[in-house]
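The values are calculated or read from the model by the stated rules, or taken from the named source; none is laboratory data. The model shown is predicted, which means the values in this text are computed figures rather than measured ones. Because the Cβ atoms are built from the backbone with ideal geometry, glycine has one as well, and the counts that use them run over all protein chains shown.
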Amino acid sequence: MATDEASLERRAAAGDVAACMQLGRRLLRGRGVARDYERALACFDTAARAGEADAFYLMGKCYMKGVGCSKDPEGAVSCLENAARRGHATAALKLGACFEQGVGAPQSDELAAYWYRKAAARGESCAYDELLRLGRKTSMQKGKEGA
């Protein structure tokens, strides 16, 4: 088993994207290795530089929560947007929530709806619920303004 870990470490150090992702996840969760959030983030960064959508998504989660780095909501939104533009459905869903709540980006129900629709189109079932809820919220706000 130790040789498997050593092989994974060598492949990740050489820039193998799959190895970076596997090692990053292990480091993040402490599976088979000691938890090391900073090293996990470095692994995801290597994979993201190669264009790996899931790496951008995981980096976004780390930046949002301050895991392995300082909290950086704007950096998180940037990473989530990179992942979403590469087809990552869950990143699009989380990006919609960022715009809806104004976390790491200016509050915008229009952009929230845009990203929720992208997430729904990519099969993220929760996105439909978010679109419905956002639509109801927007309708209620318009009703209050008209009263």
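Take the conditions modelled with pLDDT under 95 and surrounded by 12 or more Cβ atoms within 10 Å (Cβ to Cβ) and apply them to Gly143. Does it pass? No. Taking the stretch 1-43 as the range and being more than 22 Å from Val67 (Cβ to Cβ), more than 23 Å from the chain's Cα centre (by Cα) and part of a loop (DSSP other than H, G, I, E, B) as the test, the residues that pass are Met1, Ala14. For the stretch 88-146, a residue qualifies if it is closer than 22 Å to Ser78 by Cβ and aromatic (Phe, Trp, Tyr), and the qualifying residues are Phe99, Tyr114, Trp115, Tyr116.
Taking the stated definitions as given, is Thr46 assigned to a helix (DSSP H, G or I), closer than 24 Å to Glu9 by Cα and among the β-branched types (Val, Ile, Thr)? Yes; evaluated as a whole, the condition is true for this residue.
For the stretch 64-92, the set of residues classified as in a helix (DSSP H, G or I) and touching a Cys at 6+ places or on another chain (Cβ under 6 Å) consists of Val77 only. Here Arg49 fulfils each of the conditions (1) farther than 25 Å from Gln107 by Cα; (2) among the basic types (Lys, Arg); (3) buried (at least 17 other Cβ atoms within 10 Å of the Cβ) apart from (3). Residue count for the stretch 86-127 under the criterion of being surrounded by fewer than 16 Cβ atoms within 10 Å (Cβ to Cβ) and free of Cβ contacts under 8 Å to residues at least 12 places away in the same chain: the result is 8.
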